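Visitor: I'd like to ask you about the structure that follows.
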Amino acid sequence: MSNDTNVDDSSEGAPDDVPDESRRERSSDRQEDRSPVTDSGDRTDESDGRPTEGVGRESEPDESEQRPPEGFDEEPDADEDIETVEDLGSTVEVDPGVEIDEESAEDDLLGGLKIDSTADIEVPDRLVDQVIGQDEARDIIIKAAKQRRHVMMIGSPGTGKSMLAKAMSQLLPQEDLQDVLVYHNPDDGNEPKVRTVPAGKGEQIIDAHKEEARKRNQMRSILMWIIIAIVVGYAILSGQILLGILAAGIIWFIFRYTSRGTDAMVPNMIVDNGDQRQAPFEDATGAHAGALLGDVRHDPFQSGGMETPSHDRVEPGGIHKANKGVLFVDEINTLDVRTQQKLMTAIQEGEFAITGQSERSSGAMVQTEPVPCDFIMIAAGNLDAMENMHPALRSRIKGYGYEVYMDDTIEDTPEMRRKYARFIAQEVERDGRLPHFTREAVEEVILEAKRRAGRKEHLTLEFRSLGGLVRVAGDIARAEDAEFTTRDDVLEAKGRSRSIEQQLADDYIERRKDYELQVTHDGMEGRVNGLAVMGEDSGIMLPVMAEIAPAQGQGQVIATGQLKEMAEESVQNVSAIIKKFSDVNLSEKDVHIQFVQAGQQGVDGDSASITVATAVISALEDIPVDQSVAMTGSLSVRGDVLPVGGVTHKIEAAAKAGCSKVIIPKANEQDVMIEDEYEEMIEIIPCSNISEVLEVALMGEPKKDSLVDRLKSITGSAFDQQAVGSASGSNPSPQ
């Protein structure tokens with residue numbers, strides 16, 4: 001076989017007679033030519049033994065030879081693997097002999113799962129089967145994988161967005177993956193040519209080119225040394241040795257200089273899917289323009305024959321690596337607007353040329369032919385992601401895909417508790433170093449999931465933070481060389497796994513105890529024990545004091561304590577109620593309200609509304625407030641007590657401070673999930689209107705009863721309407 005013919009043809013990169021359709025093929029049906037590859041890189045036709053011209057060309061294989069490339073397993077039909085969402089993770093598989101007690105499932109924290117530890121729980125192989133609680137999002141991912149649709153997922157951090165994106169890459173077919181090669185363009189070195197071949201063939205093509213370059217360089221070296229020997233020999237015979245040595249050096253330099261052109265003919269494989277066993281998954285979160293869209297490296301040697309060929313400096317972007325797979329971008333709104341525009345173009349065209357993207361690259365001097373980027377876009381973010389997202393990009397995703405909101409909580413059912421037990425087993429297996437959790441430890445984690453949900457009969461779906469608790473507990477057990485992670489390890493981990501903000505809040509609360517002005521006995525006019533939350537889940541006692549003074553001019557309400565906007569509005573709402581029922585002419589009085597020891601962080605939210613109202617009413621009517629009572633709740637202008645957040649942590653703070661009673665909104669009664677140690681320490685009193693609050697909080701029977709009766713007669717219609725609303729099943733959302 002003659003090697004010279006093939007070398008000359010392949011030195012041009014990929015020949016110009018290859019049609020564009022085969023250059024940038026985006027068909028989902030991948031075919032591969034299985035004809036053998038010789039050492040020189042020529043593919044031999046088995047029928048007549050003739051070589052196929054062009055190392056970089058794609059040829060149409062016979063139908064009898066259409067089969068996946070080596071290294072890939074036959075992928076079953078997607079419809080046989082993926083059916084409905086009910087088939088994915090709907091049950092918890094356990095080892096033989098482990099049963100589920102359906103009779104005790106409702107009351108059992110593990111949903112009736114009879115296990116000694118998480119070692120008895122079988123973990124599903126596929127990621128999509130491991131996703132818990134996001135049934136709607138999971139169903140959409142399955143449909144999107146079948147139809148190759150884009151998806152935007154919006155929700156709180158840690159709810160499973162990235163896990164669902166990875167799961168989609170496992171659901172996509174792998175038989176149409178491609179390698180992408182960049183060739184030198186002899187006509188224009190600044191416009192490298194791009195070729196796509198079936199996955200696994202790119203390495204064969206490069207090896208063939210390297211072999212041809214090696215043979216050619218070997219032949220050139222032999223020729224060079226023959227010429228040098230002749231020149232030196234002639235110089236010695238002629239007596240001009242110095243001239244011969246100089247001529248030999250020039251010949252050597254010429255051969256070495258021109259040999260660089262042979263090396264430049266070897267293509268650069270920018271996307272290699274030869275070893276890929278599933279559709280690509282590229283996480284481009286926070287990627288700069290070059291990492292996302294591709295780039296061209298800077299070359300300090302731009303001339304003199306020392307420069308690197310332009311096609312060797314081409315770097316693929318995340319959009320090119322994700323070809324035929326999934327591109328995941330979290331916090332999509334953090335991408336530069338121009339980058340979002342280019343990303344939209346790539347989604348629309350299915351191909352995107354690579355050029356310099358920064359001042360450290362080659363700028364616009366080098367620009368390749370369009371490179372395939374036929375990917376599925378998974379955009380994710382919090383609620384604010386939609387505000388700064390390019391509207392055209394969002395329209396493109398929405399018009400050709402789905403938008404889904406990720407749930408924060410899910411209803412507490414026996415089946416879900418079993419899945420949470422499986423979640424712990426998944427985290428242990430994924431980490432690979434943690435001891436398995438005992439049954440009691442699993443129960444404690446599920447209790448913490450209930451507390452973090454903030455709603456009774458619900459479980460949190462923020463699994464990242466819950467997984468952090470699991471890992472910290474496992475680390476504690478591992479440090480002690482324990483065989484299993486126990487409940488005590490989980491309890492210790494709850495303290496160790498606090499965030500920095502939470503640690504700062506707890507430290508402030510601890511130091512504040514040395515100076516706080518708590519009164520938890522007797523009565524006092526105009527002083528009420530309010531409750532607040534600092535950090536994520538640290539409750540704190542926040543006393544509120546009110547004083548009435550003669551006004552120098554028009555009476556006004558003055559509130560101090562670093563109040564923020566919502567807190568100031570709640571004070572104004574309280575003043576409306578006071579003016580409506582009070583016999584005191586407030587136009588002649590100034591009402592001073594002080595949030596004691598509020599600190600530099602100030603007061604935000606309206607959960608102190610009933611506290612402020614009770615303090616002001618107590619000061620106006622000279623009726624003492626029971627200092628063993630603490631309270632929290634919002635207040636409408638008509639006297640309704642509205643729900644607030646963080647009631648569990650506030651109740652625990654009141655118990656720690658020594659209070660014997662705590663008033664909460666009746667609507668929050670279902671959200672109380674205090675630790676067992678606090679249940680007997682404090683009495684929880686739910687109230688639905690301001691008259692019920694005053695009846696519990698005020699002291700001095702004659703004056704208190706008269707005040708409460710008067711208030712009921714004025715605002716009774718509002719309370720009646722609330723009762724009707726409650727009877728109809730309405731429940732105001734927490735504020």
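The values are calculated or read from the model by the stated rules, or taken from the named source; none is laboratory data. A quick note: this is a predicted structure, and the numbers were derived from the prediction, not measured. All Cβ positions, even for glycine, are placed from backbone atoms using ideal geometry, and neighbour counts span all protein chains on display. Surface accessibility is based on the protein's heavy atoms, side chains included, excluding ligands, DNA and RNA. Shrake-Rupley method; radii C 1.70, N 1.55, O 1.52, S 1.80 Å.
Visitor: With every protein chain kept in the model, how would you rank Y402, Y234 by accessible area, 1.4 Å probe, largest at the top?
Guide: Numbers: Y402 70, Y234 155 Å².
Greatest to least solvent exposure: Y234, Y402.
Visitor: Something else about it: Sort largest first and round to whole Å: the equivalent ellipsoid semi-axes of the stretch 613-676, each the square root of five times a Cα gyration tensor eigenvalue. Present the calculation step by step, with values, prior to reporting the outcome.
Guide: Values: eigenvalues 98, 58, 10 Å².
Here the semi-axes work out to 22, 17, 7 Å.
Visitor: How much accessible area per residue does the stretch 339-441 have, in Å², with a 1.4 Å probe?
Guide: That works out to 43 Å² for each residue.
Visitor: Moving on to the next point. Does the stretch 337-396 come out rounded, prolate or oblate, given a ≥ b ≥ c as the square roots of the eigenvalues of its C-alpha gyration tensor, rounded meaning a/c under 1.5 and, failing that, prolate meaning a/b above b/c?
Guide: oblate
Visitor: Still on this structure, I have one more. Could you give the semi-axes, largest first, of the ellipsoid that matches the stretch 187-243, computed as the square roots of 5 times the alpha carbon gyration tensor eigenvalues and rounded to whole Å?
Guide: That gives 43, 15, 5 Å for the three semi-axes.
Visitor: Going from most exposed to least, what order do E351, E669 have by accessible area with a 1.4 Å probe?
Guide: Most to least solvent-accessible, the answer reads E669, E351.
Visitor: OK, next. Heads up, I need the accessible area for L491: 1.4 angstrom probe, whole protein in place, Å², nearest 10.
Guide: For L491, solvent-accessible area is about 70 Å².
Visitor: Any idea what diffusion coefficient the stretch 413-530 gets from Stokes-Einstein, in µm²/s, Kirkwood Rh on alpha carbon pairs, 20 °C, 1.002 mPa s?
Guide: It diffuses with D of about 131 µm²/s by this estimate.
Visitor: Can you give the accessible area of L542 in Å² (nearest 10), computed on protein heavy atoms with a 1.4 Å probe?
Guide: Using a 1.4 Å probe on the heavy atoms, I get roughly 20 Å².
Visitor: Excluding residues fewer than 8 places away in the same chain, name every one of the lysines whose C-alpha is closer than 20 Å to that of K712.
Guide: K579, K580, K666, K703, K704
Visitor: Sticking with this structure for a sec: Provide, for q = 0.28 Å⁻¹, the log10 of I(q)/I(0) from a solvent-free Debye sum over equal Cα point scatterers in the stretch 132-205.
Guide: -1.25
Visitor: Right, another one. Cα to Cα, under 19 Å, and not fewer than 8 places away if on the same chain: which lysines meet these conditions relative to K321?
Guide: K166, K193, K201, K342
Visitor: How big is the dipole moment of the stretch 397-536 about its Cα centre under a simple scheme where the beta carbon of each Lys and Arg is +1, that of each Asp and Glu is -1, and everything else is neutral? Debye, nearest 20, please. All intermediate terms of the calculation are to be shown ahead of the outcome.
Guide: Details: 24 positive and 31 negative charges, 78 e Å.
Approximately 380 debye in magnitude.
Visitor: If the reach is capped at under 28 angstrom between alpha carbons, list the lysines near K114, excluding any in the same chain fewer than eight residues apart.
Guide: Reachable lysines: K419, K450, K456, K494.
Visitor: Still on this structure: Out of the total accessible area of the stretch 349-490 (probe 1.4 Å, heavy atoms of protein only), what percent is carbon and sulfur?
Guide: Summing carbon and sulfur atoms, their accessible area is 44 percent of the total for the stretch 349-490.
Visitor: Calculated FRET efficiency, D188 and Y405, Cβ-Cβ r, R0 51 Å, to nearest 0.05?
Guide: Numbers: r = 49 Å, r/R0 = 0.97.
Using R0 = 51 Å, I get an efficiency of 0.55.
Visitor: So, R0 is 30 Å and r is the distance between the beta-carbons of D705 and E679; what FRET efficiency does that work out to, to 0.05?
Guide: It comes to 0.45.
Visitor: Between E492 and N382, what is the label-to-label distance in nm when each label sits 7 Å out along the Cα-to-Cβ direction?
Guide: The answer from the label model is 3.3 nm.
Visitor: With the dipole of the stretch 423-523 worked out from charges on the C-beta (+1 for Lys and Arg, -1 for Asp and Glu) around the Cα centre, which of F463, G523, F437 lies farthest toward the positive end?
Guide: F463
Visitor: Which order do F595, F253 take by accessible area at a 1.4 Å probe, largest first?
Guide: Most to least solvent-accessible, the answer reads F253, F595.
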